[in-house]
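Notes for the one structure printed next.
The values are calculated or read from the model by the stated rules, or taken from the named source; none is laboratory data. Model, not experiment: these values are computed from the prediction. When we count neighbours, we look across all protein chains shown, and the Cβ atoms used for this are built from the backbone with ideal geometry, even at glycine. Ligands, DNA and RNA are stripped out before the accessible areas are found, and what is left, the full protein with its side chains, is counted by its heavy atoms. Shrake-Rupley method; radii C 1.70, N 1.55, O 1.52, S 1.80 Å.
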Amino acid sequence: MQIKDKVEPITDLAFSAVDINGDEGLDSDELGEVMRTVASIMKVTSPTKEDIASILKELDKDKSGTVSKDEIF
């Protein structure tokens, strides 16, 4: 069994948990929510709207305005 086969169920669950509206893409609100939550847990400065927009733009390879699971993993 390859590592991808072992990790994929976990990444599927993690992505689904963040994809609040269930459209299989993370928009800036969903991406921002998870980034702010992680920043809070790690006790680091929360990302700004500009930070989130920049990260979304970088990850959004197909320029759809959302980040799909394939674009992240």
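Six or more apart or on different chains, Cβ under 8 Å: which pairs go from a residue in the range 46-57 that's of a type in the set (Asp, Glu) to one that's in a helix (DSSP H, G or I) and open to solvent by less than 60 Å² (accessible area, probe 1.4 Å)? Could you list them?
Between residues of the range 46-57 that are of a type in the set (Asp, Glu) and residues that are in a helix (DSSP H, G or I) and open to solvent by less than 60 Å² (accessible area, probe 1.4 Å), the close pairs are ASP51/MET35.
Can you tell me which residues in the range 1-37 are of a type in the set (Val, Ile, Thr) and either in contact with a Pro (Cβ under 6 Å, 6 or more places away or on another chain) or more than 25 Å from LYS63 (Cβ to Cβ) (or both)?
ILE3, VAL7, ILE10, THR37
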